[in-house]
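A quick write-up on the structure given underneath.
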């Protein structure tokens, strides 16, 4: 009984700052402006603009998750050759922990100051080398401009999540494979690959969820339109005319929650499968 009491502060924190706001936000989607129960708000989910924003959120999340997983996976593989507890390993671990959380407005402004229209790198390339990275349009302030900022925190997150799985590979497995005449390709195809696959796919889903729910970076970079779901919700809550459509925002939030629920179900299933090799 006493061990459960230790979880009480955390449970209260989750309930007050996550559970209650989520229920209130989503619950508004089931009521009209007059306070009466209705399902009419969910007709918004069939609007072509809303469908387009969901598709934009899905593809930008999938792209950055895929690239981030590959780059982070390669970096994790390289780190397995570093001395545990060494200076290089500690530096990369610390940097990954910091950069994985370095999102939001600060990250957006960092990219604006670096590769914005008047950013340091942009001006240097244009004036010194005659290279205009915005010759075909100011892509940084549009949907494609989210790719680089998202990768900035996706790759470190992949290192944090996937590196323990890489370290779980036992040297005895490679030695046993070599003893039986297997080469490096055979080892990775028949032993290491199948063992790491659940962890890699689980990390990929986690990166997808991370990008799909990201708001502040996109809000700071994309100044016009609501091209992804979080910005659609903001647009519904704070319309340009000053009117709030909280009921529509609640319906959008529920649609977003359904996508996140499916992704996290897959992540949990893959984590249970991967845990068999980490005991």
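Each value in this text was obtained by applying a stated rule to the coordinates, not by laboratory testing. In this text, all values refer to a predicted model and were calculated from it rather than measured experimentally. Positions of Cβ are generated from backbone atoms using ideal geometry, with glycine treated the same way; all protein chains shown enter the neighbour counts.
The table that follows gives values for the structure above.
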item: Single residue of 163, 140, 148 found to be in contact with a helix residue (DSSP H, G or I) (Cβ under 7 Å, 6 or more places away or on another chain), in a helix (DSSP H, G or I) and free of Cβ contacts under 8 Å to residues at least 40 places away in the same chain; result: 148
item: In segment 183-228, the residues that are in a loop (DSSP other than H, G, I, E, B) and either surrounded by 19 or more Cβ atoms within 10 Å (Cβ to Cβ) or touching a helix residue (DSSP H, G or I) at 6+ places or on another chain (Cβ under 7 Å) (or both); result: 213, 214, 215, 222, 223, 226, 227, 228
item: Considering residues of segment 166-182 that are within 32 Å of the chain's Cα centre (by Cα) and part of a loop (DSSP other than H, G, I, E, B) only, the residue nearest to residue 271 (Cα to Cα); result: 168
